[in-house]
Amino acid sequence: MLVHATCVALMSGRRWRALLLRGPSGAGKSDVALRLLEAGGRLVSDDQTHLARIGRAVVATPPRTLAGLIEARGIGIVKLRQAQLLAEAPVALLVDLVPADKVERLPDPAHETVLGIALPKVALAAFEASIVTKLRLALVQTANA
């Protein structure tokens, strides 16, 4: 299944866990991905992501033509170093990037079924300075749920 989303993995415990960043063009998917890379994350894919069910996991991989590439708006398409990439990662969290006024202050836990597997979901504003910290907190929270 090919989706319009950017995928970045963060180390959580002893394994990589992926965040699937979703939103329309201009929502900030690549911008958030670049900030996550700066914070030690690894890019799985930018703009388009292949999802496949493997056992009880949804695993993300990049389309072959986009592997290792990310858009840096105002700079262009950038080829990342191998150390900044991950060929595949299990999706741990769906992240819908929304305008700041659409972010709920105290949301109830949300899930969405992808390929028959319920995945936790959050809605956040991409351009808030705290988004990387919020994503790390959400990832920890999903691991403890």
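The values are calculated or read from the model by the stated rules, or taken from the named source; none is laboratory data. As the structure is a prediction and not an experimental result, all values here were calculated from the model. Because the Cβ atoms are built from the backbone with ideal geometry, glycine has one as well, and the counts that use them run over all protein chains shown.
Of all residues in segment 103-120, how many are over 21 Å from A18 (Cα atoms) and modelled with pLDDT of 95 or more? Of the residues in that region, 0 qualify. Identification of strands (runs of 3 or more DSSP E) wholly contained in segment 75-145 with 2 or more residues that are in contact with a Ser or Thr (Cβ under 9 Å, 6 or more places away or on another chain) and of a type in the set (D, E) yields no element.
Has segment 44-56 got any residue that is buried (at least 16 other Cβ atoms within 10 Å of the Cβ) and closer than 18 Å to A138 by Cβ? Yes, segment 44-56 has at least one match. On inspection, R56 passes the criterion of being of a type in the set (D, E, K, R), farther than 15 Å from R22 by Cα and touching a residue at least 12 places away in the same chain (Cβ under 8 Å). Within segment 1-15, being of a type outside the set (A, V, I, L, M) and more than 12 Å from the chain's Cα centre (by Cα) holds for S12, G13, R14, R15. Do you know which residues across segment 1-32 are surrounded by 15 or more Cβ atoms within 10 Å (Cβ to Cβ), of a type in the set (G, A, S) and either more than 17 Å from L86 (Cβ to Cβ) or without any contact (Cβ under 8 Å) to a residue 24 or more places away in the chain (or both)? Hits for segment 1-32 are G23, A27, G28.
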